[in-house]
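Input: a single structure, listed below in structure tokens.
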Amino acid sequence: MAMTQAARAGIDQVAEASIAALRAPSVFNTQPWRWRLAGDRGELWADRSRQLSGLDPEGHLLLLSCGAALHHATVALRAAGYAAAVDRLPDPERPDLVAWLRTGERVERDERLFRAIYQRRTDRRPFGDERPGAAVLDELRAVARRHGVQLRLVRDDQVPAFAAAVAHAGTVEHGDPRFRDDLLAWTTRAGFQRDGVSARTVVAAGGRTVARRDFAQAWPAGLAAGEGTDRGTVYAVLATEADEPRDWLAAGEALSDVWLTLTASGLAASPISEVVEVPGVREALRRLIGGVGRPAIAMRIGIPLPGSEAVPPSARRSGTEMVGLA
Ligand SMILES: Cc1cc2nc3c(=O)[nH]c(=O)nc-3n(C[C@H](O)[C@H](O)[C@H](O)COP(=O)(O)O)c2cc1C
């Protein structure tokens with residue numbers, strides 16, 4: 001059957017949105033998703049071959065990453081003047097079908113977050129002394145809430161306990177051969193694979209309250225820590241009400257929305273997921289934020305030092321690999 005002109009226009013927009021979504025962040029830059037374009041909609045599929053079996057056995061961080069890709073695609077549609085019509089986890093028989101995405105009604109073009117897609121980076125350097133303002137933090141809370149996700153700030157008096165939890169998670173993981181296998185696999189990817197954590201974006205150790213993730217297994221860190229003290233950095237935990245795939249997907253969409261919003265406001269961030277990867281540490285974090293909700297991921301948010309060089313973009317797989325016709 002010939003496709004109507006409207007369906008053709010819709011799928012073309014979804015195809016373009018799936019290309020913008022290549023820039024979405026993902027755990028260890030695994031980019032664990034694929035798009036299949038079928039009729040007037042895009043199907044977003046989780047790619048289990050890219051799941052971190054030691055670090056993420058349930059696929060929690062995999063679905064967060066898919067959620068980030070989904071949200072990036074909706075931002076691209078909005079920039080083109082369309083609302084997104086999304087069906088999340090639409091088929092219980094096919095749990096890896098993450099979402100159906102179509103163009104919804106016409107809306108006013110909004111390019112603010114779309115521009116942030118290309119500016120956003122995982123910035124692991126210590127940030128400055130000044131704390132992000134209350135207004136922008138309130139905005140980030142509201143952004144997360146739109147996805148049914150709570151953004152809880154770690155209070156200043158809780159930061160030492162949070163830092164201890166991060167450090168403990170690191171120690172547990174580095175003592176676990178399954179984790180070390182994942183780390184080694186995704187920090188030593190060949191250039192042509194265009195995935196994995198890039199040495200160029202990893203920061204040297206520097207005195208700070210909350211230890212940075214130790215990626216430096218096979219190569220030295222590529223980015224200097226700079227002059228930041230991290231004194232103004234705030235630590236946030238995204239928490240969901242329940243602990244099901246649907247919640248992890250929502251947490252990924254919230255992570256993307258919060259991150260693009262803070263980028264558009266001139267702030268920078270990097271996720272801290274080791275605290276949810278080790279079950280005992282995740283439980284401790286849950287108690288730390290008051291026992292309400294399930295921690296999905298934590299992040300550090302701050303003001304980049306004036307004049308600091310841009311973090312280099314990390315690699316992405318190509319559109320022809322990630323997007324295809326059904
Ligand atoms: C679910 C998830 C978990 C992540 N966990 C961490 C982390 O614990 N530490 C870290 O430094 N970066 C973490 N990242 C950031 C990724 O490493 C990063 O997105 C990826 O390497 C691509 O780089 P980019 O964000 O600069 O494009 C995480 C990202 C996602 C989406």
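The values are calculated or read from the model by the stated rules, or taken from the named source; none is laboratory data. Everything quoted here is computed from the prediction, not taken from an experiment. With ideal geometry, Cβ positions are generated from the backbone for all residues, glycine too; neighbour counts draw on all protein chains shown. Side chains included, ligands, DNA and RNA excluded: accessible areas come from the protein's heavy atoms. Shrake-Rupley method; radii C 1.70, N 1.55, O 1.52, S 1.80 Å.
Springs between alpha-carbon atoms under 10 Å, Gaussian network over the chain: tell me which of ASP12, ASP91, ASP247 tops the mean-square fluctuations. Per the Cα network of the chain with a 10 Å cutoff, ASP91 tops the list. Enter the angle in degrees (range 0 to 90, nearest 10) between the Cα long axis of helix 159-174 and the first principal axis of the Cα atoms of the chain, meaning the one along which they spread out most. Value to nearest ten degrees: 80. Taking all protein chains into account, the per residue accessible area for the range 121-302 stands at 42 Å² (1.4 Å probe). Pair-distance distribution of the chain: all C-alpha pairs, bin width 20 Å, starting at 0; shares per bin in whole percent are 33, 59, 8, 0.
For the listed peptides 313-319, 129-135, a ranking on the average number of other beta carbons within 10 Å per residue, highest first, reads 313-319, 129-135. When the alpha carbon coordinates of the range 121-302 are projected onto the principal axes, the ranges are 39, 36, 33 Å, largest first. Solvent-accessible surface (1.4 Å probe) assigned to PHE114 amounts to roughly 60 Å².
Short-range pairs are left out: with C-alpha atoms under 8 Å and at least six residues apart, the relative contact order of the chain is 25 percent.
Quick check: at a probe of 1.4 Å, how many percent of the accessible area of the range 191-297 sits on carbon and sulfur atoms? Let's see the in-between values first.
Numbers: 2020 of 4060 Å².
Exposed carbon and sulfur together represent 50 percent of the surface.
Considering only DSSP states other than H, G, I, E and B, which GluC sites (Glu not before Pro) in the range 173-248 qualify as loop sites with at most 16 other Cβ atoms within 10 Å? Don't skip to the end; give the middle numbers.
Working: sites: GLU173, GLU227, GLU241; in loops: GLU227, GLU241.
Qualifying residues, ordered by number: GLU227, GLU241.
Below 8 Å between Cα atoms, with a sequence gap of 6+, how large is the relative contact order for the range 121-302 in percent?
Working: 300 pairs, mean separation 65.2, N = 182.
So the answer I get is 36 percent.
Take every DSSP beta bridge whose two residues both sit in the chain, then give the antiparallel share in percent to the nearest 5.
85
Between the helical axis of 177-187 and the longest alpha-carbon principal axis of the chain there is an angle of about 60 degrees.
Decide, for the range 81-209, between rounded, prolate and oblate: order the square roots of the alpha carbon gyration tensor eigenvalues as a ≥ b ≥ c, take rounded if a/c falls under 1.5, and otherwise choose prolate if a/b is larger than b/c, else oblate. Judged from the Cα gyration tensor, the range 81-209 comes out oblate (a/c at least 1.5, b/c at or above a/b).
Per-residue ellipticity at 222 nm, computed for the chain from helices alone with -39500 (n - 2.57) per DSSP H run of at least four residues, works out to -11500 deg cm²/dmol. Can you give me the Cα centroid spacing of the range 192-250 and the range 17-64 in angstrom? Their Cα centres are 19 Å away from one another.
Roughly what angle does helix 134-145 make with the longest principal axis of the chain, taking Cα atoms, 0 to 90 degrees, to the nearest 10? Helix 134-145 sits roughly 50 degrees off the main axis of the chain.
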